[in-house]
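> Have a look at this one before I ask anything.
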Amino acid sequence: MVFSSVAFLFAFLPAFLVAYYALPRRFRSVVIAVASYLFYGWWRPDFVLLMWFSTGLDYLAGNRIVAARAKGNTGKPWLLTSVCANLGLLAYFKYANFGVDTLNGALLSAGASPVEWAEIVLPVGISFYTFQTMSYTIDVYRQKAEPVKRFGDFMCYVAMFPQLVAGPIVRYNSIAEQLHEREHSFAKFSKGARRFMEGFVKKVLIADSVAPIVDAVFALPEPTMADAWLGTLAYTVQLYFDFSGYSDMAIGLGLMMGFVFIENFDHPYTSRSITEFWQRWHISLSSWLRDYLYIPLGGNRKGATRTYINLAITMLLGGLWHGANWTFIVWGAWHGGLLALERRFTVRKDGRRVATNITVPVTMVFVMLGWVVFRAEDITSALAMYTGMAGMHGVGLSPALAWQLKGWSVFSLVAGWVVVYAAPRIARRLDGAREAGDHRILSVQLLILPLFVLALLRLFAQSYTPFLYFQF
């Protein structure tokens, strides 16, 4: 089930909200957990058992770590059990197919027979909820979080459907108090509903509308320069509005339930460097990688060379986290290399870090070049796009693409780029008006209603379009 579906909007969500607010507060975490299992099991009920295993193991590990510490031990064996089990689940379900395919490719090249293998189905959201449960046991071990007291609360935390399958990655210590006691108010619910509608509009009116351009371009065997750059611009918009739209909806649903989740995006396409980009894009993942991988590796505390190596390892694994494909590994290496180069050629001046010759447009070019291999089916397809961007297959728009361009898709593409760079200024003005008590801000906020209705009409008219990050 996805948020941008008739079943969710007109059946699941209303029924859940009625049950949630009809029952006493002490039962609401259980209601969330049960509803989340129904939400997650809509496609494959058997995968709920896998999530229960991860939930039960990490709940037990957290308690055992505390019990071992009370006896004068560190509880490290339980930490290792949690980490190894979670990483083992990821390795099997997410990377086993890739490993066998790579091995078979090598065997065939050597003239040997390939290994027979049944394809493993990837459980939706496993990358997100395993990172969440793993961070819980790590934080309990580091004494940065108190162990959860009620198993029902931990079930609610792990399975919470707003952010279960595509983030943001919510750490336990950021909502521990909210699991026990949280505010429910009409103002909070209204803010959440508005945020949900904003995300829905971003997803349906922009991301889904430019998707046909992206699909058409990346299917071309030899795209021209115009084709390749148009497709890259379109995918850059599609990915951002799709994923940030999902995060907006998740945050909005959380507010409707009384939870405050962390922000996952902060206008990343206005970044002045790749370093800044990763401080603004998929914030919950980048901060997770920083705290649980980059810093434990040594961060920037062991000299320049080791810092570059740590950055490269972190981004390589960050790329691999997104999927079992050489394209994601190359994408991670691209960003790791850019981060290392930025750190090498960045100088200090008056106590501030000043990056030389890096501006917003230049940063965006580097980001878009990375998005090409991120989107491509394989390295060969990515190379075809890169050669196309260089004009090696012609310059003008190809007839094979021109006839597929629709007016609404092109309009949405242009509107998306306008919104990308106008949104920060609009947000600042709205914040200023809110602080000044300007009541006219309400009329501006109400503009989301007709856009939401238009998005609903588009939803009814279009085919099924899942969120892009569901595949990760």
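> Quick one: count up the residues across segment 137-166 that are under 18 Å from A33 (Cβ atoms), out of contact with any Gly (no Cβ under 6 Å at 6 or more places or on another chain) and buried (at least 22 other Cβ atoms within 10 Å of the Cβ).
Count: 10.
> Now, a different point. Quick one: what pairs do we get from segment 256-278, first residue under 15 Å from V365 (Cα atoms), second in a loop (DSSP other than H, G, I, E, B), C-beta under 7 Å, 6+ apart or different chains?
P268/W281; R272/I358; R272/T359; S273/I358; F277/S271
> Related question: Go through segment 60-88 and count every residue that is modelled with pLDDT under 90 and aliphatic (A, V, I, L, M).
1
> Now, a different point. Among the residues in segment 57-65, are any of a type in the set (V, I, T), assigned by TED's automatic domain parsing to the domain that holds V158, on the phi < 0 side of the Ramachandran plot and crowded, with 18+ Cβ neighbours inside 10 Å?
Scanning segment 57-65 turns up at least one residue that is of a type in the set (V, I, T), assigned by TED's automatic domain parsing to the domain that holds V158, on the phi < 0 side of the Ramachandran plot and crowded, with 18+ Cβ neighbours inside 10 Å.
> Count, please, the residues in segment 220-239 that happen to be surrounded by fewer than 23 Cβ atoms within 10 Å (Cβ to Cβ) and either of a type in the set (A, V, I, L, M) or closer than 23 Å to S287 by Cβ (or both).
So the count comes out to 6.
> Pull out all pairs, ordered by first then second residue, where Cβ-Cβ is under 7 Å, the residues are six or more apart or on different chains, the first lies in segment 370-388 and is aliphatic (A, V, I, L, M), and the second is surrounded by fewer than 17 Cβ atoms within 10 Å (Cβ to Cβ) and not in a helix (DSSP H, G or I).
As it stands, the answer is A384/P221; A384/E222, since those pairs meet every condition given.
> Let me ask another. Read through the list (1) over 20 Å from E119 (Cα atoms); (2) within 23 Å of the chain's Cα centre (by Cα), then give the number of the only condition that R69 fails.
(2)
Results for (1) more than 30 Å from H184 (Cβ to Cβ); (2) assigned to a helix (DSSP H, G or I); (3) of a type in the set (S, T, N, Q); (4) touching a residue at least 40 places away in the same chain (Cβ under 8 Å), shown as yes or no for each residue.
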{"position": "A19", "(1), (2), (3), (4)": "no, yes, no, no"}
{"position": "I32", "(1), (2), (3), (4)": "no, yes, no, yes"}
{"position": "A35", "(1), (2), (3), (4)": "no, yes, no, yes"}
{"position": "F53", "(1), (2), (3), (4)": "yes, yes, no, no"}
{"position": "P77", "(1), (2), (3), (4)": "yes, yes, no, no"}
{"position": "S82", "(1), (2), (3), (4)": "yes, yes, yes, yes"}
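> Select, from P147, P168, the only residue that is in a loop (DSSP other than H, G, I, E, B), touching a helix residue (DSSP H, G or I) at 6+ places or on another chain (Cβ under 6 Å) and under 20 Å from G258 (Cα atoms).
So the residue among P147, P168 that is in a loop (DSSP other than H, G, I, E, B), touching a helix residue (DSSP H, G or I) at 6+ places or on another chain (Cβ under 6 Å) and under 20 Å from G258 (Cα atoms) is P168.
The values are calculated or read from the model by the stated rules, or taken from the named source; none is laboratory data. The model shown is predicted, which means the values in this text are computed figures rather than measured ones. Because the Cβ atoms are built from the backbone with ideal geometry, glycine has one as well, and the counts that use them run over all protein chains shown.
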